[in-house]
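Student: Would you mind keeping the following structure in view while I ask a few things?
The values are calculated or read from the model by the stated rules, or taken from the named source; none is laboratory data. As the structure is a prediction and not an experimental result, all values here were calculated from the model. Cβ sites come from the backbone with ideal geometry, for glycine too, and all protein chains shown count toward neighbours. Accessible surface is based on the protein model in full, side chains and every heavy atom, while ligands, DNA and RNA are left aside. Shrake-Rupley method; radii C 1.70, N 1.55, O 1.52, S 1.80 Å.
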Amino acid sequence: MVSTVSKSLATVAALGLLALFPDQTSAQDKCELAIEPALEQWTIRYNPLEDDVAQRQFDISLVNTGATPCNGNILAFLQGESFGLRGPAGAPVVRYALVDDTYGGVNITPVTGQSPRRRGSSVRIKQGERMPARLTFAAFPDAGAAQGRYAQTLHLLVQQDNGQVHAARPVTLALEVAAAAAIGLKGEFTRPQGTAVIDLGELTEGPRPLNASLYVHSTGGYRVSITSANQGRLRQGASGWYVDYRLKVGPQNINLQGSDTFSVVSQTARQDDYPLSVRIGDVAGKRAGDYSDTLTFTVAAI
């Protein structure tokens, strides 16, 4: 399936470039050059919650099977398509950069449909030579990029300074934004020994806001799971004394008798805050002392 698509793209590219550069036939009389990418799809896998940048280097080979040298510059060209990586329906277009690292690093990003004009010749491939070249592909998704694949197909060229084209090859640039989610706590709490602790103060029966919120950042939908070490009871040390309580996470009433969950279905990135509150049960007749429970919140992308 992949080889069939690539062959079709190469045919379309050749027709378009012949129309754009009518002197290509005479250029091919001088040399026989082919661009051979190690990969036909250049893919960056990116987790915006963990990775600082979305960037990779890719190698190509410039192969001259002709009887004369081939001189020119590596450029990029879009076949009748506006610039940018396109992803899921409704997602913003992702901008990117393409840099020829073969000799010092030259920006060849086809922002206007083709690379900026280059003077002289950056590559010189002798007859019978296979010359390696390296390019850097970097993508610049927004901070709230949704999970999914963003892609654009362009054509790499080797073009002489006079506009003649020696070779062209389609390559698909792709950014795959991972399904990812992160969870945390913000507001009034302390972290003795690295564990978040919320002080309930003196226990009195009734509802109480905790002045703290659970937050979730995700690239799409997610599921939050909550468990209680004491199954919804505040316990005095290792004793058998307990005070029942209930937990509310935003609008969600949580069943702490076992592991409880709630889910958010979304095709877009999310940044959600859930204020925490509790309802303390009957404290009459309970032994004085410190009562506590340990809650565990986990999140998984869906």
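Student: Taking segment 68-77 as the region of interest, how many residues are hydrophobic (A, V, I, L, M, F, W, C) and either touching a helix residue (DSSP H, G or I) at 6+ places or on another chain (Cβ under 7 Å) or open to solvent by 20 Å² or more (accessible area, probe 1.4 Å) (or both)?
Tutor: 1
Student: Assigned to a loop (DSSP other than H, G, I, E, B), of a type outside the set (Asp, Glu) and either open to solvent by 40 Å² or more (accessible area, probe 1.4 Å) or in contact with a Leu (Cβ under 9 Å, 6 or more places away or on another chain) (or both), is that true of Val243?
Tutor: no
Student: I've got another one for you. Does any residue of segment 267-287 turn out to be within 30 Å of Pro48 (Cα to Cα), of a type in the set (S, T, N, Q) and modelled with pLDDT under 95?
Tutor: Yes; the residues of segment 267-287 include at least one that is within 30 Å of Pro48 (Cα to Cα), of a type in the set (S, T, N, Q) and modelled with pLDDT under 95.
Student: Whether any residue in segment 12-27 is modelled with pLDDT of 85 or more and touching a Gly at 6+ places or on another chain (Cβ under 8 Å) is what I want to check.
Tutor: No, because not a single residue in segment 12-27 is modelled with pLDDT of 85 or more and touching a Gly at 6+ places or on another chain (Cβ under 8 Å).
Student: All but one of (1) part of a strand (DSSP E or B); (2) more than 16 Å from Thr294 (Cα to Cα); (3) open to solvent by less than 60 Å² (accessible area, probe 1.4 Å) hold for Asn253; which doesn't?
Tutor: The failed condition is (3).
Student: Can you find a residue in segment 216-234 that is at pLDDT 95 or above and over 21 Å from Val299 (Cα atoms)?
Tutor: Yes - at least one qualifying residue is present in segment 216-234.
Student: Return the only residue of Gln271, Gln267 being exposed (fewer than 14 other Cβ atoms within 10 Å of the Cβ), under 32 Å from the mean Cα position of the chain (by Cα), touching a residue at least 40 places away in the same chain (Cβ under 8 Å) and assigned to a loop (DSSP other than H, G, I, E, B).
Tutor: Going through Gln271, Gln267 in turn, the sole match is Gln267.
Student: Further, regarding this structure: Name the residue that is farthest from Ala151 (Cα to Cα), counting only residues in segment 79-133 that are of a type in the set (S, T, N, Q) and without any contact (Cβ under 8 Å) to a residue 40 or more places away in the chain.
Tutor: For segment 79-133, the residue satisfying everything is Thr102.
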